[in-house]
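Chemist: Sending over a structure as structure tokens; questions will come in a sec.
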Ligand code: HEM
């Protein structure tokens, strides 16, 4: 066993143990991994789960999350499961790399995410949102909001990180990312149960073709930029110019492809999902939607949106934050212990798998009043001060915290500030969309909405 009780009296408080039937768990992971999470994670600090003799630990309590992800970050790596699920596409890029290789890459791109640099991205964000708005005005058909938001954020990520499409076929890239994500439940289930890679599963051939396509098209883009010898001051340039502080070596093309793919996928899908869930919640809470419109009108004075307005939309930002509380786009963080350490009265041995179930923490009634209620006022500064810092962690915590958090928040606020004053979105069905876990928290079925011109009453 990798996990042992350290001090019995400490460990028994807030510690639950669950034994899951392997067959049932396997089926639940394939159907929707969200339904495979043990229900105890919504009310206990630590949940020790055993499946067919394999133990893992869910860390659900903010101080213990801090202890694990921040204080003991050096004792953890991303782990076997993350490597198996993400490694084939993202290689050893910033999201999946470890140790010195990770540090070098993080330092190389850090300046690209400083506040001043982000402000320079706002015109591209507003332009892409305006294009979406114009597209929606032209149609009288239901819109697949998840897909529409992906198109918008994809446009923004390639414009800001790569200075434009440079020959990338947006539609094909988006399909390839979906094809890759589709069978990830199988990859995850196989990793949890230690099944060998050669056991077949549906969608594998298509996922492999998708990876090949993505890596090849991004590789061409790198080759073109190298050959042109022009500089744009974007992410691609930063990667081309990066030097390993220990060896002085530059990144090889395959390492640059790892990172570009990482930034393209991590940098557009999550924000798009956060926005799709926000638009769903606003369509169900028209009075809050009106407050957002009032804030936007008060700042812009009814004129066009300017980059300088975006920082002033504090309520709109709170709406996006609250939507990510209820529907965190990356709902579970995984880690594996590489150096034994103690946590909440348990001794964690090498190899222990840890899960931080962000969505469960965000809906824990010991941390949140009426956690199921959509209430953006929770994110106004006075309310934030009363909570533990790690009661809310849509962007993760510790050294591996999302590098794009400020980028994503600014982008989401700018997009909402363009769309909401112009259009009213109404779902085509009364049924609430069901969230499903495919690494990210996606609506299980397309989230269909009709767009009509917004008219103030
Ligand atoms: C609402 C949008 C977003 C959410 C919810 C989100 C969430 C996360 C989370 C939870 C992590 C940590 C994963 C872990 O600890 O295992 C992460 C890491 C990361 N994110 Fe984001 N992200 C978002 C947007 C972005 C954007 C816009 C970019 C890039 C432009 C980005 C790039 C990355 C990268 C490169 C990492 C790895 C960082 C490292 O390990 O050093 N993300 N993200």
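The values are calculated or read from the model by the stated rules, or taken from the named source; none is laboratory data. Source: prediction; values computed, not measured. Here Cβ is always computed from backbone atoms with ideal geometry, including for glycine, and neighbour counts include all displayed protein chains.
Chemist: Exactly one of these conditions fails for residue 217: (1) more than 16 Å from the ligand (Cβ to nearest atom); (2) not in a helix (DSSP H, G or I). Give me its number.
Modeler: The one condition residue 217 does not meet is (2).
Chemist: Could you grab me the full set of residues in the stretch 228-245 that are exposed (fewer than 13 other Cβ atoms within 10 Å of the Cβ), modelled with pLDDT of 90 or more and in a helix (DSSP H, G or I)?
Modeler: 241 - this is the single residue of the stretch 228-245 that is exposed (fewer than 13 other Cβ atoms within 10 Å of the Cβ), modelled with pLDDT of 90 or more and in a helix (DSSP H, G or I).
Chemist: Check whether at least one residue in the stretch 374-395 is away from the ligand (no atom under 16 Å from the Cβ), touching a strand residue (DSSP E or B) at 6+ places or on another chain (Cβ under 7 Å), modelled with pLDDT of 95 or more and not in a loop (DSSP other than H, G, I, E, B), and report yes or no. So that I can check it myself, show each step before the final result.
Modeler: Filtering the stretch 374-395 for residues away from the ligand (no atom under 16 Å from the Cβ) gives 374-375, 377-378, 380-388.
After this cut, where a residue has to be touching a strand residue (DSSP E or B) at 6+ places or on another chain (Cβ under 7 Å) as well, the list is none.
No, that holds for no residue.
Chemist: Please verify whether residue 243 is in contact with a strand residue (DSSP E or B) (Cβ under 8 Å, 6 or more places away or on another chain) and more than 16 Å from the ligand (Cβ to nearest atom), treating the condition exactly as stated.
Modeler: On the way: in contact with a strand residue (DSSP E or B) (Cβ under 8 Å, 6 or more places away or on another chain): yes; more than 16 Å from the ligand (Cβ to nearest atom): yes.
Yes: the conditions hold for residue 243.
Chemist: Residues that are touching a residue at least 40 places away in the same chain (Cβ under 8 Å) and within 25 Å of the chain's Cα centre (by Cα): does the stretch 238-249 have at least one?
Modeler: Yes; the residues of the stretch 238-249 include at least one that is touching a residue at least 40 places away in the same chain (Cβ under 8 Å) and within 25 Å of the chain's Cα centre (by Cα).
Chemist: Let me ask something else. Go through 55, 66 for me and flag whichever is surrounded by fewer than 21 Cβ atoms within 10 Å (Cβ to Cβ) and part of a helix (DSSP H, G or I). Lay out the reasoning, then the answer.
Modeler: Working: 55 fails: part of a helix (DSSP H, G or I).
Checking each option against the conditions leaves just 66.
Chemist: Hey, among 262, 184, which residue is more than 27 Å from residue 113 (Cα to Cα) and either within 16 Å of the ligand (Cβ to nearest atom) or touching a residue at least 60 places away in the same chain (Cβ under 8 Å) (or both)? Steps first, please.
Modeler: Values: 262 fails: more than 27 Å from residue 113 (Cα to Cα).
Answer to the selection: 184.
Chemist: Next up: Just checking, does the stretch 310-327 include any residue being assigned to a loop (DSSP other than H, G, I, E, B), buried (at least 21 other Cβ atoms within 10 Å of the Cβ), modelled with pLDDT of 95 or more and within 15 Å of the ligand (Cβ to nearest atom)? Step through it out loud before you land on a result.
Modeler: Filtering the stretch 310-327 for residues assigned to a loop (DSSP other than H, G, I, E, B) gives 313, 327.
Retained after the next criterion (residues that are buried (at least 21 other Cβ atoms within 10 Å of the Cβ)): 313, 327.
Okay, now just the ones that are also modelled with pLDDT of 95 or more, so 313, 327.
Subsequent filtering for residues that are within 15 Å of the ligand (Cβ to nearest atom) retains 327.
Yes, there is a match, as at least one residue in the stretch 310-327 is assigned to a loop (DSSP other than H, G, I, E, B), buried (at least 21 other Cβ atoms within 10 Å of the Cβ), modelled with pLDDT of 95 or more and within 15 Å of the ligand (Cβ to nearest atom).
Chemist: Mind telling me which of the residues 103, 83, 24, 45 ends up being buried (at least 17 other Cβ atoms within 10 Å of the Cβ) and free of Cβ contacts under 8 Å to residues at least 24 places away in the same chain?
Modeler: On the way: 103 fails: buried (at least 17 other Cβ atoms within 10 Å of the Cβ); 24 fails: buried (at least 17 other Cβ atoms within 10 Å of the Cβ); 45 fails: free of Cβ contacts under 8 Å to residues at least 24 places away in the same chain.
Of 103, 83, 24, 45, the one residue that is buried (at least 17 other Cβ atoms within 10 Å of the Cβ) and free of Cβ contacts under 8 Å to residues at least 24 places away in the same chain is 83.
Chemist: Would you call residue 281 within 16 Å of the ligand (Cβ to nearest atom), surrounded by 23 or more Cβ atoms within 10 Å (Cβ to Cβ) and either part of a helix (DSSP H, G or I) or modelled with pLDDT under 95 (or both)? Spell out how you get there, then give the answer.
Modeler: Values: within 16 Å of the ligand (Cβ to nearest atom): yes; surrounded by 23 or more Cβ atoms within 10 Å (Cβ to Cβ): no; either part of a helix (DSSP H, G or I) or modelled with pLDDT under 95 (or both): yes.
The answer is no for residue 281.
Chemist: For the stretch 159-170, state whether one or more residues are within 16 Å of the ligand (Cβ to nearest atom), at pLDDT 95 or above, in a helix (DSSP H, G or I) and buried (at least 21 other Cβ atoms within 10 Å of the Cβ).
Modeler: no
Chemist: Something else about it: Of the numbered conditions (1) outside any helix (DSSP H, G or I); (2) in contact with a helix residue (DSSP H, G or I) (Cβ under 6 Å, 6 or more places away or on another chain), residue 202 fails exactly one; give the number of that condition.
Modeler: Unmet condition: (2).
Chemist: Considering the stretch 106-120 alone, what residues qualify as being buried (at least 17 other Cβ atoms within 10 Å of the Cβ), within 10 Å of the ligand (Cβ to nearest atom) and over 16 Å from residue 411 (Cβ atoms)?
Modeler: 109
Chemist: Of all residues in the stretch 335-355 being farther than 17 Å from residue 74 by Cβ and touching a helix residue (DSSP H, G or I) at 6+ places or on another chain (Cβ under 7 Å), which is farthest from the ligand (Cβ to nearest atom)?
Modeler: For the stretch 335-355, the residue satisfying everything is 345.
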